[in-house]
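Presented below is the structure to which this report refers.
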Amino acid sequence: MTAVPVLPADFPALRGAVLTDPDVTAAYADDHCSPVHGGTPLAVVLAECTDDVSATARWCYANDVVMIPRGGGSGLAGGASALDGCVVISLARMNAIREISVADQYAVAEAGVINADLDAAAREHGLMYPPDPSSYEICTIGGNVATNAGGLRCVKYGVTREYVLGLQVVLADGRVIKTGRRTVKGVTGYDLTQLLCGSEGTLGIVTTVTVKLKPAPAHPPTTVAASFPDVVRAAAAVAAVVASGVTPALMELMDRRTLEVVQDMRPFGLEDSTIAMLIGQASTPADAAVLEREFERAGAHYVVVSDDPAEADELLAVRRAAFPAYENAGNIFSEDVGVPRSKLPEMFARIEAIAAKYGLDIPTCAHAGDGNLHPTLIYPHGETEVPQAIWGAADEIFTAALDLGGTLTGEHGVGVLKARWTGQELGDDVLELHRAIKAAWDPKNLLNPGRGF
């Protein structure tokens, strides 16, 4: 029988719960990253307020105990996986939307607020919160800030970083700071708010976020969906739309294998001739006509144009089901590479060649409108170690993305999974600067160590 960790007598009393039973804390040891296996925490703190986080951090800092911040646990890079003897600090109970300002178009939300809930609350006032990761129904705003999350709408509206005005943050030693402002403009001091966006919990623990809101569109977008005979031609259609000067509201691409695993989980009537599917949305009929034209020119089998919101929701439900379907098919090594949009056809071709070389199942979907691809390497359920072929193929995919002027991660973060490749993208001098920044914020290296670099 596993011994139940005993908290020291000086562990702080908190408003939130403190869990120590290993059978319970095991649920907080991993995120959605199959290849990364979390350790056994000393405790899990279910924080209910910033004071809980601050008191926990002060104790951990004084006792040299590692802290792992955690939101919804939907991450795909192991960024929230536990380490043996750490304290996991869950922000999930901090889920209040404190303020929505219609006049100034901003919202103040605690870190545990679900992305979809913030957007829904904003829409009650004729506003919207645009970033919408595929996991928008379960991921939290604090986690979105930690990874600088994107989503389906980011081709038009941008990613999380572009909406964060200010933050309340608990530092490694328990001090609480505020960064940013609520004004449209402001250049006092270094931009610590932007530094913290995408820092993956390695510099501080975000407890409250102030975000910009946008007016919600008065009319639903027009959806343009197309079936293609191969994924490279579908990617060429994306590049052609970008070159046309039209900015779609979203543009999502799925290859045949992605469509098959979604079909296995939730049948939607996949046609035998559909090797790739491209779904675009445009804000105006004129822009929709451009999408239709470029899809046809690139060689689409057929193109469907619809202004029916229900039909659009059905199509996008297929795309949002991709990651659950991948997980249903096996353990997943989920990649998150980005390339210049003109290089999408070449990147898809390279992924297909790598899959064939290693004999692997690598379904790929993409936020194609901004060049962000998710090639997902699948291996059998039950295998506790990542097969060597998966590591080899992953290395070649990352290298291909960098060769094409791209990046290791567009929105999932580096986490544990991709840390070994960070130096390949950043270089030694930039890595040295990263380490210096980390040391200034977290001199004992207690905040989410080993993540990112």
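The values are calculated or read from the model by the stated rules, or taken from the named source; none is laboratory data. These numbers were taken from a predicted model, which means no experiment stands behind them. Note that each Cβ is placed from the backbone with ideal geometry, even for glycine, and that neighbours are counted across all protein chains shown. Protein only, heavy atoms only, side chains kept; ligands, DNA and RNA dropped before computing areas. Shrake-Rupley method; radii C 1.70, N 1.55, O 1.52, S 1.80 Å.
Would you say Ala226 is open to solvent by less than 10 Å² (accessible area, probe 1.4 Å) and within 30 Å of Ala300 (Cα to Cα)?
Details: open to solvent by less than 10 Å² (accessible area, probe 1.4 Å): yes; within 30 Å of Ala300 (Cα to Cα): yes.
Yes.
For region 391-417, what are the residues that are surrounded by 16 or more Cβ atoms within 10 Å (Cβ to Cβ), closer than 18 Å to Ser34 by Cα and out of contact with any helix residue (DSSP H, G or I) (no Cβ under 7 Å at 6 or more places or on another chain)?
Once the filter is applied, which keeps residues that are surrounded by 16 or more Cβ atoms within 10 Å (Cβ to Cβ), closer than 18 Å to Ser34 by Cα and out of contact with any helix residue (DSSP H, G or I) (no Cβ under 7 Å at 6 or more places or on another chain), region 391-417 yields Ala394, Thr409, Gly415, Val416, Leu417.
If you check every pair at least six apart or on different chains, which have Cβ atoms under 8 Å apart with a residue in region 66-82 that is closer than 15 Å to Asn148 by Cβ first and a residue that is aromatic (Phe, Trp, Tyr) second?
Going by the 8 Å Cβ cut-off, the qualifying pairs are Leu76/Phe323.
I'd like the residue in region 371-390 that is part of a loop (DSSP other than H, G, I, E, B) and of a type outside the set (Val, Ile, Thr) and, out of all such residues, is surrounded by the most Cβ atoms within 10 Å (Cβ to Cβ).
First, pick out the residues of region 371-390 that are part of a loop (DSSP other than H, G, I, E, B): 371, 380-387.
Add one more test, that the residue is of a type outside the set (Val, Ile, Thr), and what stays is 371, 380-383, 385, 387.
Details: Gly371: 27, Pro380: 10, His381: 11, Gly382: 7, Glu383: 13, Glu385: 10, Pro387: 16.
This residue is Gly371.
Please give the number of the condition Ala289 fails out of (1) surrounded by fewer than 16 Cβ atoms within 10 Å (Cβ to Cβ); (2) modelled with pLDDT under 95; (3) aliphatic (A, V, I, L, M).
(2)
Only residues in region 331-353 that are open to solvent by 60 Å² or more (accessible area, probe 1.4 Å) count as the first member; pair them with residues that are of a type in the set (Val, Ile, Thr), Cβ under 6 angstrom, at least 6 apart or cross-chain, and list the lot.
Short answer, once both residue conditions are applied: Arg341/Val242.
Is it the case that region 238-253 has a residue that's in contact (Cβ under 8 Å) with a residue 40 or more places away in the chain, in contact with a Cys (Cβ under 8 Å, 6 or more places away or on another chain), surrounded by 15 or more Cβ atoms within 10 Å (Cβ to Cβ) and of a type in the set (D, E, K, R)?
Yes, region 238-253 contains a residue that is in contact (Cβ under 8 Å) with a residue 40 or more places away in the chain, in contact with a Cys (Cβ under 8 Å, 6 or more places away or on another chain), surrounded by 15 or more Cβ atoms within 10 Å (Cβ to Cβ) and of a type in the set (D, E, K, R).
Table: residues versus (1) touching a Ser or Thr at 6+ places or on another chain (Cβ under 8 Å); (2) among the charged types (D, E, K, R).
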{"position": "Val6", "(1), (2)": "yes, no"}
{"position": "Asp10", "(1), (2)": "no, yes"}
{"position": "Leu14", "(1), (2)": "yes, no"}
{"position": "Val18", "(1), (2)": "no, no"}
{"position": "Ala27", "(1), (2)": "no, no"}
{"position": "Asp31", "(1), (2)": "yes, yes"}
{"position": "Val36", "(1), (2)": "yes, no"}
{"position": "Pro41", "(1), (2)": "yes, no"}
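Residues that are under 20 Å from Leu196 (Cβ atoms), touching a helix residue (DSSP H, G or I) at 6+ places or on another chain (Cβ under 9 Å) and at pLDDT 95 or above: find the strands (runs of 3 or more DSSP E) completely inside region 48-151 holding 2 or more of those. Even if it seems obvious, please write down each step before you answer.
On the way: elements: 67-70, 87-90, 97-101, 106-110.
Filter on region 48-151 gives 67-70, 87-90, 106-110.
Conditions first: (1) touching a residue at least 40 places away in the same chain (Cβ under 8 Å); (2) among the polar types (S, T, N, Q); (3) surrounded by 15 or more Cβ atoms within 10 Å (Cβ to Cβ). Ser273 passes all but one, so which condition is the exception?
It is condition (3) that Ser273 fails.
So Ala368 fits all but one of (1) at pLDDT below 95; (2) open to solvent by 50 Å² or more (accessible area, probe 1.4 Å); (3) assigned by TED's automatic domain parsing to the domain that holds Ala282; what number is the exception?
Failed condition: (2).
With the requirement that a residue be touching a residue at least 40 places away in the same chain (Cβ under 8 Å) and in a loop (DSSP other than H, G, I, E, B), what does region 424-449 give you? Walk me through it before giving the result.
We begin by selecting, within region 424-449, every residue touching a residue at least 40 places away in the same chain (Cβ under 8 Å); these are 437-438, 441-444, 446-449.
Within region 424-449, Asp442, Pro443, Lys444, Leu446, Asn448, Pro449 meet the criteria.
Take region 1-52 and flag every residue that is under 30 Å from Glu335 (Cβ atoms) and either open to solvent by 40 Å² or more (accessible area, probe 1.4 Å) or outside the structural domain of Gly85 (by TED's automatic domain parsing) (or both).
Of region 1-52, the ones under 30 Å from Glu335 (Cβ atoms) are 25-41, 44.
Correct list: Ala26, Ala27, Tyr28, Asp30, His32, His37, Thr40.
Tell me, which helices (runs of 4 or more DSSP H) lie completely within region 276-332 with 2 or more residues that are aromatic (Phe, Trp, Tyr) and at negative phi? Before the answer, list the steps.
Values: elements: 285-297, 309-320, 322-329.
Correct list: 322-329.
Please list, ordered by first then second residue, the pairs with beta carbon atoms under 7 Å, 6 or more apart or interchain, first in region 391-409 and charged (D, E, K, R), second part of a helix (DSSP H, G or I).
Final answer for the pair search is Glu396/Ile354.
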